[in-house]
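Comments concern the structure below.
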Amino acid sequence: LTGFPQAIEAVFPETEIQQCIIHQIRNTTKFVSYKDLKPLMADLKRVYAAPTEEIALAELESFDEKWSGKYPKIAQSWKDNWANLSTYFKYPEAVRRLIYTRNAI
């Protein structure tokens, strides 16, 4: 939701925002050719499933190098939203799945 992080931070300034990774993935793949979908998603999974934020950023750079020629806006969207997409890396891996998506199931 546009403005949602700013609204929460205005009332609760110490809040950490975690945008939904699933929604970012859906927005990412919306315009990807069907034939590219599986390999692109395999490369993207190395970003959001990385064990640390540092590794995730390195994987994002690799993803950008590989796919930016064909899909230049994907990596840029992840980079632009990284501050609110990467909050879950601050938490143990066991709880990350609980907080990286707003989907209950």
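The values are calculated or read from the model by the stated rules, or taken from the named source; none is laboratory data. A quick note: this is a predicted structure, and the numbers were derived from the prediction, not measured. We place every Cβ from the backbone using ideal geometry, glycine too, and count neighbours over all the protein chains shown.
Among the residues of region 42-88, those that are within 20 Å of Ile99 (Cβ to Cβ) and hydrophobic (A, V, I, L, M, F, W, C) comprise Leu44, Val47, Ala49, Ala50, Ile55, Ala56, Leu57, Leu60, Trp78, Trp82, Ala83, Leu85. Of all residues in region 84-105, those that are under 10 Å from Tyr48 (Cβ atoms) have Cβ atoms under 6 Å from Cβ atoms of residues that are outside any helix (DSSP H, G or I) and at pLDDT below 80, 6 or more apart or on another chain, in Tyr88/Tyr100.
Among the residues of region 19-48, those identified as free of Cβ contacts under 8 Å to residues at least 40 places away in the same chain, surrounded by 15 or more Cβ atoms within 10 Å (Cβ to Cβ) and under 19 Å from Lys90 (Cα atoms) are Arg46, Val47. Under the condition of being part of a helix (DSSP H, G or I) and of a type in the set (Val, Ile, Thr), which residue from region 25-47 is modelled with the highest pLDDT? Result: Val47. The number of residues in region 62-85 that are modelled with pLDDT of 95 or more and either surrounded by 13 or more Cβ atoms within 10 Å (Cβ to Cβ) or in a loop (DSSP other than H, G, I, E, B) (or both) comes to 15.
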